Structure formats: structure tokens, C-alpha cells
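The values are calculated or read from the model by the stated rules, or taken from the named source; none is laboratory data. Because the structure is predicted, anything quoted here is derived from the model rather than measured. We place every Cβ from the backbone using ideal geometry, glycine too, and count neighbours over all the protein chains shown. The accessibility values were calculated without ligands, DNA or RNA, using every heavy atom of the protein model including side chains. Shrake-Rupley method; radii C 1.70, N 1.55, O 1.52, S 1.80 Å.
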Amino acid sequence: SDLGVVLVGFSGGQCKEGVDAAPTALVGAGLLNQIQDELGYTLHGDTEVRNYNEIRPSSDEPYRGMKNPRSVSAVTEKLATQVYEQARHGRMVLTLGGDHSVAIGTIAGTAKAIRERYNGRKEIAVIWVDAHADINTPETSESGNIHGMPVAFATGLAHSDDKDIFGWLQEDQKLSTTKLVYIGLRDVDRGEKKILRDHRIKAFSMHDIDRHGIGRVVEMALAHIGSDTPIHLSFDVDALDPMWAPSTGTPVRGGLTLREGDYIAECVHETGQLVAMDLVEVNPSLDVAGASETVRAGVSLVRCALGDTLL
Ligand code: DIR
Ligand code: MN
Ligand code: MN
Ligand code: MN
């Protein structure tokens, strides 16, 4: 089958350098070769890593507290088009970030392509696997880092009318809050907790995984989405415990084991509903001793989502 590949060297959604080197590290570890040779996909799109940090508007002063707003907006607007161009041919789309702000673009691209494919009769669902909810609005954010806000923009809970600062996002590129499910949360800001409650957003924290086990949690997450809804899986490697993925910008202890992460990806593959996956926040320049482990974990998560099986 066919896979569109989007390799995004970009770090502007947060303050630490190095996350832009992740696609090169993941490809260097053999990910794309394995997807072709072992999993049998035909690759489409640009298989060279592009430096999206070069997309720099001449001035990019903070706006409503957001850091690098015009850069992140320009990058994600371009990504929305790139992902859409792959998805509209009926291809599954794999995006390797980059920080998690890239998901503003990737979700916009798949949301639009799926609405078109089904003449407006279907919308995508998103499974957001992360230690963090990434649903701050510019006003609730304590950091100003846009990688903590992508879900707010993707759902329209945050928006701006300035076309250079996410004003490009159209209705047909947006995600419904009812079609969003979180797995792995354990570091959610106060303002984010209120947003999750007020909008009754489905979320499974590490507490829920401790209580029910990963098997039951994935089953409940997929039941919420339903069996005829295309799924976009947005996987932040920091969902994994730092034991498995130490090289990431905001590690949080008490996370998923590598097997639990792989299991989520395997189950999403098994649904046959997967239309797009993002793998983000691998930063090989942090905890350098653990970088190859982190890259290997990322490779494993993608392979599982694309149908690699243990037997
Ligand atoms: C925090 C951290 N909630 C923020 N978010 C992170 O900056 O808004 N997301 N690290 O991955
Ligand atoms: Mn995170
Ligand atoms: Mn408005
Ligand atoms: Mn994230």
C-alpha cells in the first residue's frame, strides 16, 4: 500500500534546539527503509528531510504571549497543504517531527482530505498520545510555547483572525472536540484541566491505565471513536516513560512502557481506520546517552502503527 511521508525538521514550537534533527535520526536508524522493505509500503512525497526552521518571517514578535507565532503559523500552513496533497490521493500519511506544534498542520491536512473523500459525511478522529494535553489557548498557556497549544488551534478552541497567525485555518480543516481522545496524560496545566472538563473531552490518564490496564483503555478509546471513523494518531514520544524515551524536551516520569506505547499503535493499526500518524518530540541532542534508545522507541512506535506484528 501507499504511504505519504512528510519529514519536518522544525523546533519553533518550543525553546530547545535539537528536536529539528529527529527526522534525520529516525531515517538514519533505517525507519523508511524498513517501512519499504519489511512492511512493503510504497513511499510518496519528499523523502529528504527539509529544514523548516528556515521558514522565518522577517519579524516574529510574540503575539498574545505566543512565541514565534508567525513562524509556526507559516510552517503549519505549508504542512497542511503537504499532508492534504498526500491524503487526497487516498494515501496514509506519516509525519516525522519536529515539535508537536506541527500537528496544527497535519491535522488540518487530514481533516480536509477526509471531509472531501466522503463528501462532508465523515470527519476524522484524533488519538493524542502524550504526557501533556497540548490544549492551552494563548491565554491559558504559562510558557507561550505553541507546542503546548496545537489541540486548541486544531479544534478552534483557540483562533485568531490574523491570517499570518493561524487565521489561515478553515472550518473544513478543523477537528471536533467530540472526536478527540487522549491516552497517557500525566502533566496537565490547570487551565487545560478546565478546558477538558468544560468541553467533556475524552481523556485517559496514566491513572486510568493503572486502574483498567492498557488493553481496556485502548478498547474504550476506540469505542468512543467508533468503527467507521478515520483515525489520525498523533504520538508524542514523551508519552513513554523517560526510561524508554529520555531524549525529549519535557520528559515526565510515570509514563507508558515501550510495550504499552507499541500496543496502542498496534491496536490502531488493527482497526484498519488509520489515515495519518505523527511522531514528534524526539530530541537527540538532549540526554545524549539515551538518544539512540529514544530513536529506537520512535522507530518501534511507527512500525507498530504501520502493521508490524510480533508473530
Ligand atoms: C506545557 C508543556 N503544558 C506547556 N507542554 C508540553 O508549555 O503548555 N507539551 N511539553 O508537549
Ligand atoms: Mn508532551
Ligand atoms: Mn474570529
Ligand atoms: Mn505533545
Output the number of residues of the range 202-246 satisfying the condition of being of a type outside the set (A, V, I, L, M) and within 16 Å of ligand 2 (Cβ to nearest atom).
10
Scan Arg200, Arg186, Arg121, Arg211 and give me the residue that is within 15 Å of ligand 4 (Cβ to nearest atom), farther than 20 Å from Gly65 by Cα and open to solvent by 20 Å² or more (accessible area, probe 1.4 Å).
Arg186
So in the range 15-55, with the set limited to residues that are assigned to a loop (DSSP other than H, G, I, E, B) and among the hydrophobic types (A, V, I, L, M, F, W, C), which one is farthest from Glu266 (Cα to Cα)?
Ile55
Taking the options Ala125, Ala111, Ala103, Ala133, name whichever one is among the aliphatic types (A, V, I, L, M), touching a residue at least 60 places away in the same chain (Cβ under 8 Å), within 9 Å of ligand 1 (Cβ to nearest atom) and in contact with a strand residue (DSSP E or B) (Cβ under 9 Å, 6 or more places away or on another chain).
Ala133
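Rundown of residues vs (1) within 23 Å of Val188 (Cα to Cα); (2) more than 16 Å from ligand 3 (Cβ to nearest atom); (3) β-branched (Val, Ile, Thr); (4) open to solvent by 30 Å² or more (accessible area, probe 1.4 Å), yes/no style:
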| site | (1), (2), (3), (4) |
| --- | --- |
| Pro230 | no, yes, no, no |
| Phe235 | yes, yes, no, no |
| Ala239 | yes, yes, no, no |
| Gly261 | yes, yes, no, no |
| Ala276 | no, yes, no, no |
| Val302 | no, yes, yes, no |
Look at Ser247 and say whether it is more than 29 Å from Ala87 (Cβ to Cβ), touching a Pro at 6+ places or on another chain (Cβ under 7 Å) and either among the polar types (S, T, N, Q) or open to solvent by less than 10 Å² (accessible area, probe 1.4 Å) (or both).
yes
